[in-house]
Amino acid sequence: MKETTGTAVRGIAARTEADTGREAAVAELFEIHHLPLVRLAVLLGADDAEDVVAEAFYQLYRRWPRLRSPEAAATYLRSVVVNLTRMRIRHLQVVRKHAARSGDDHAYVASGEERAVLRDDQKALVDAVRALPARQREALVLRFWLDLRESEIADAMGITAGSVKVHVSRGMAALSRVLEERR
């Protein structure tokens, strides 16, 4: 009986030590990546960027033991932010479609996070980026805002590197057309 109790105590101590290591690693990642991830979510069109990033860190914390390696955590966070933003935008589109049908027409109102992150001189570009299809917008933001390689963008978006090239190319062409029209 005493041996079983000792084994159980050692197992609890090992789990407590692992949890402490996980908490420290996630806290360090939070310090480094929180603001860039909020900016990423805003640029991808999230109206609740802070909530998206908080959910991403929660998912990282829950899935920490299943990560390939601690170095994969930043890539995982970006991927979760992209996917959560995509899901929330789809949800908002459905809500707005139903609101429009019922005659309840609400205009888009920028969140405080968006207004704090964006300066006036960036608004024209951000408006043009927002007008892009979701996949093109995501590919451009990941490529030029976060300066990720095609393989990293493909991982974050869940597509092939060739598809990334297509989305970036089409997005750049569309942005060029829109910005030329504004001149």
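Computed from the coordinates by the stated procedures, all read-outs in this text should not be read as laboratory data. Remember, it's a predicted structure, so these values are computed and weren't measured experimentally. When we count neighbours, we look across all protein chains shown, and the Cβ atoms used for this are built from the backbone with ideal geometry, even at glycine.
Contact map, region 132-161: first residue assigned to a loop (DSSP other than H, G, I, E, B), second residue buried (at least 17 other Cβ atoms within 10 Å of the Cβ), Cβ cut-off under 6 Å, separation 6 or more or different chains; pairs are Leu132/Gly171; Leu132/Ala174; Leu148/Leu142; Thr160/Ala154.
One residue stands out among those in region 55-76 that are loosely packed, with under 15 Cβ neighbours inside 10 Å and without any contact (Cβ under 8 Å) to a residue 12 or more places away in the chain: the one that is nearest to His34 (Cα to Cα), which is Tyr58.
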